[in-house]
Each structure stands twice: as structure tokens, then as C-alpha cells.
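> Next up is a structure, given as C-alpha cells.
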Amino acid sequence: MADTHKLEIFRGLVKFKSNTQKIWGVLIFLSIVTAIEVVLGIYKPEVLNGHFMGMKILNWIFIILTIVKAYYITWDFMHMRDETASLRRMVVWTGVFLICYIIFIILQEGQYVGSVFTNGFVKHDF
Amino acid sequence: MNTTVADTGTDEKTWGGGKEPLKASYGKLMMWFFITSDALTFTGFLASYGFSRFKFAEIWPIADDVFTHVPFIHGNYPMIFVAFMTFILIMSSVTMVLAVDAGHKMDKAKTTIYMFLTVIGGFIFLSSQAYEWTTFIKGEYGAVGTHGGNIIHFVDTDGNRVALKDFAIGEPKERTQHLGKNGLWFTSESSLPSYTFDEVVAGFEANENILVKTTYTDKETGHKTILSRNESLKELKTKGKNVVEGANLIQNEYGPPLFANYFFFITGFHGFHVSIGVLLNIIIFFNVILGTYERRGSYEMVEKVGLYWHFVDLVWVFVFTFFYLV
């Protein structure tokens, strides 16, 4: 098993000599991403307060960086990169499809209930 | 194993059995399927959390105002402590994957050390979470709850938060907490707040430079709206109902009750997963020391539990984003 690891990340941009080295490399990458998130979370730059597709740009950045982190945790720490394509698809696509679906229906409904609260006849602050 | 499987005479055929199209053992495959279903559980929780945030978009508290505590240090440091927790969990993920790697090489000594470090990392994370919960439940400034279930905060003219104890005028107390042992044994109540609502109002009237900060977020600035002195008085007297200190499942001093409920529920459920992970890691750790896997000739058990441990880390990455960043 030890020599069957794929040792490239970033689509072959960075190539490691051993699995151990790759683990440390991924750790450094994840730490940098977390550091960026924390710095943005503390300072919240004004520039990024604009809205894009109904959400703050800053929040888009946070969510995208989170998915990037999730990708590297799954692919390199959980060795998804080394599994067969069918196992990978079985786990990942099932999850991705169901997660997108539940997020869509629930957030859609939340927005509706929110609009009832703000525009409807129900008073909730008294 | 081979002896127990009957020879069906279909060995050469595609569906004859004995093939491993996924090149993974049964145990590992099942762990992956468990992780997928558990991921959906957490998705359900986080999505319902999102539902409530969309529903109460305007009055949801800002995380940076709530999670500002760092152990042993006084002051206002948003994000720092959670970032530390995230780093601890990622770090323990790294030691775990190093243990798996050492296991592949049948290196018992290294696997032992790395498993030990992983367990320690798990304990540090759990104690951090205990601290986080304690400060959250205790609260810092206190607030006034309204009839509609909203929260009123107090600030000075510079916009800094003011604690209730700094301005409320204490009066001699007659009301004592009702305990099951000295009254009706089948009823009891939670501990009384340090001040009554009337004392807070009296203190507010006496201090000219204290204003009310509502839970409504100003769309332009992203901060909570601060009312003028006259509006503040009106807000407090018409809407105010009781004093809230800290957090429980019914009321909390940070925002809508759902905020604390989701915080307890989701971080609690994640913490529960971490506890289970630590337990499994300890079992594996002792099995490694005892040489169970050495005799078995394979350290795959370390890898399977490792998958679970990484999954816990993965969930935390999302909890971190949606509770503390967004």
C-alpha cells in the first residue's frame, strides 16, 4: 500500500517525494487557508462587503475556502485520491447531490418564512 | 477464510464472487458509507441552522460579538480561540494520518507515538470546547429580554458594551430562589438573575450616557442598530420583560433563543462525535501497544478509525465556517 500513494497535489503542480512529506505539505496548505479565513473574519474588509448572487462576497469566500479545505482533508488525509474512481464517485457524488438538494429546499423555505415575518401580519417583536 | 466459502463453480464469471471491484475491504467500505450517512445528518443540522438564520436574518447575533474569550486573558479577542481549536483538530488529523502511514509500513513504535499524540489532540479539543461552552453559558454583559423573545443590549455613548452590574441599582432583595426542598417538591425554578428588571430600568434612568443596542442589524454597516436616548427609554420600558444572564435553552443574552439552541445542539453533537473518536483512538492505541495488529499482519484498523477521525475534523471545518465566520 505504502508505495501506491499518489503524491501530487494541485493537479501535479506540487509533487512530493514521500507520503509523509505530502501530509506535512497539505497541513501547511490547510493552515494557510485557515489563517486567511481568520484574518478575513477578524478584519472583515469593507471591499468584500458587497453582495454577489444574494450573499456577501466575504461569505462566498468563506464557503469556497471551506470546500477547498474539505477537499484536501478528504482527498489526502482520508486517502480518497488513492481509492478507485467508482468508490470515490459512490461516496462523493451521493453526498454532494443530497447535500445540495437539502440545502436548496430548506434555505428556500427559510427565506419564505423570513419574508412572512417581515412583510406579513405576524408581529414578532413586541 | 477461503475454506469457509463454498466453491460455486462460477469463479471465472464476472458476478461469480471473489472479485474486489472497489479494491477496498468490507470494513473500510462500510466506514465510508457510514461517513456519507453521518455527513447527511450534519448537513441536516447545518441546513436547519441556515433555515433559522434566513428566517431571523435581521436579528441574528454577530459571531464576533459573542465568541470573544480566550482562556487566561481578559479582553476582546474574536476568532482567536476558535482558530486555535481548528488548528488543534487539523493537527491531530495530521498525527492520525501519520499513524496510518506508519501502520502501512508495519512500524509499531511510530504508530504508537502518533496514536498517542492524536488522543492528546482530541483531549485538548474537548477541553477547549468545554471552556467555550462554560463562557457561553455564563455570559458576560447580561441583557434584557423582551415580550417577543428578543434581546436588548446596553452600550455607552462610544458604542462599547456595558454590563448590567455596572449600572443596575441594587435594591434589598425579598425574592429567593424556589427550590424543590423548601416548597412544592414537584416544582422548581432556575437560578434567579442577579438583578430584577425594575432594578435595571432604575439604573438605566439614572445613567444618562447608556443607550440601547437592538438585535437588528443595520444593512449598510453590518453592525447592530444603536438607538437614541429617548428611543432607548421607550424601547426598554415598552418591550422589556426580564433580565437574561448567560445562556440556556429558553433564553440567552446574545440573540434569539434559537441561536443558543443551535449552538448547543450542533457543537454538542460534534463534540459527542469527537468524544467517541477519542474513545476509539484509545482502544486502537492500546491494541497497537498490545501488538494485536502486529499479529494480525495488518494495521488496517488504524486506517478505518482514522477515516472516522478525519471526518470529525471535516465536520468541524464546516461548523467553524457557519458558526464563527459567516
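The values are calculated or read from the model by the stated rules, or taken from the named source; none is laboratory data. Quantities reported herein were computed from a predicted structural model and do not represent experimental measurements. Cβ: placed from backbone, ideal geometry, glycine included. Neighbour counts: every protein chain shown. Please note that ligands, DNA and RNA were not included when accessible areas were found on the heavy atoms of the full protein model with its side chains. Shrake-Rupley method; radii C 1.70, N 1.55, O 1.52, S 1.80 Å.
> Give me a count of the residues in the stretch A:106-126 that are under 27 Å from B:PHE318 (Cα atoms), open to solvent by 70 Å² or more (accessible area, probe 1.4 Å) and more than 8 Å from chain B (Cβ to nearest Cβ).
2
> Could you list all residues from the stretch B:179-198 that are of a type outside the set (A, V, I, L, M) and surrounded by 14 or more Cβ atoms within 10 Å (Cβ to Cβ)?
B:PRO193, B:SER194, B:TYR195, B:THR196, B:PHE197
> If the requirement is being surrounded by 13 or more Cβ atoms within 10 Å (Cβ to Cβ), in contact with an Asp or Glu (Cβ under 7 Å, 6 or more places away or on another chain) and not small (Gly, Ala, Ser), which of these qualifies: A:ILE36, A:ILE73, A:ILE57?
After ruling out the rest, the residue left standing is A:ILE73.
> Now for a separate question. One residue is enough: does the stretch B:40-62 have a residue meeting the conditions under 30 Å from A:TRP24 (Cα atoms) and within 7 Å of chain A (Cβ to nearest Cβ)?
Yes, some residue in the stretch B:40-62 is under 30 Å from A:TRP24 (Cα atoms) and within 7 Å of chain A (Cβ to nearest Cβ).
> Which ones in the stretch B:199-222 are loosely packed, with under 13 Cβ neighbours inside 10 Å and within 23 Å of B:GLY148 (Cβ to Cβ)?
Those that are loosely packed, with under 13 Cβ neighbours inside 10 Å and within 23 Å of B:GLY148 (Cβ to Cβ): B:ASP218, B:LYS219.
> Report, by residue number, each residue of the stretch A:66-89 that is more than 8 Å from chain B (Cβ to nearest Cβ) and aliphatic (A, V, I, L, M).
Of everything in the stretch A:66-89, those that are more than 8 Å from chain B (Cβ to nearest Cβ) and aliphatic (A, V, I, L, M) turn out to be A:ILE67, A:VAL68, A:MET80, A:ALA85.
> What number of residues within the stretch B:289-307 are within 31 Å of the chain's Cα centre (by Cα) and more than 10 Å from chain A (Cβ to nearest Cβ)?
Residues that pass the stated criteria total 4.
> Could you grab me the full set of residues in the stretch B:223-238 that are open to solvent by 40 Å² or more (accessible area, probe 1.4 Å) and over 31 Å from the mean Cα position of the chain (by Cα)?
Those that are open to solvent by 40 Å² or more (accessible area, probe 1.4 Å) and over 31 Å from the mean Cα position of the chain (by Cα): B:SER228, B:ARG229, B:ASN230, B:GLU231, B:LEU233, B:LYS234, B:LYS237, B:THR238.
> Need a quick list: helices (runs of 4 or more DSSP H) entirely within the stretch B:239-326 having at least 1 residues that are touching a residue at least 12 places away in the same chain (Cβ under 8 Å), surrounded by fewer than 22 Cβ atoms within 10 Å (Cβ to Cβ) and aliphatic (A, V, I, L, M).
B:257-262, B:268-290, B:300-320
> Out of (1) within 9 Å of another protein chain (Cβ to nearest Cβ); (2) touching a Leu at 6+ places or on another chain (Cβ under 7 Å), the odd one out for A:ILE57 is which?
Failing condition for A:ILE57: (1).
> On to the next question. Quick one: in the stretch B:284-320, which of the residues that are over 23 Å from A:MET80 (Cα atoms) and of a type in the set (S, T, N, Q) is modelled with the highest pLDDT?
Checking each candidate, the answer is B:ASN287.
> Further question on the same structure: Among what's in the stretch A:1-27 and is of a type in the set (Val, Ile, Thr) and at the interface with chain B (Cβ under 10 Å from one of its Cβ atoms), pick the residue that is surrounded by the fewest Cβ atoms within 10 Å (Cβ to Cβ).
A:THR4
> While we're on this one: Please state which one of A:VAL47, A:VAL33 is within 19 Å of the chain's Cα centre (by Cα), closer than 27 Å to B:ALA63 by Cβ and more than 9 Å from chain B (Cβ to nearest Cβ).
None of the others qualify; the one that does is A:VAL33.
> State which residue is nearest to the other protein chains (Cβ to nearest Cβ) when the search covers only the stretch B:81-99 and only residues that are open to solvent by 10 Å² or more (accessible area, probe 1.4 Å) and in contact (Cβ under 8 Å) with a residue 24 or more places away in the chain.
B:MET91
> Now a separate question. For the stretch B:120-135, state whether one or more residues are outside any helix (DSSP H, G or I) and open to solvent by less than 10 Å² (accessible area, probe 1.4 Å).
no
> Of all residues in the stretch B:49-80 being part of a helix (DSSP H, G or I) and in contact (Cβ under 8 Å) with a residue 40 or more places away in the chain, which is farthest from A:ILE36 (Cα to Cα)?
Ranking the candidates gives B:SER52 first.
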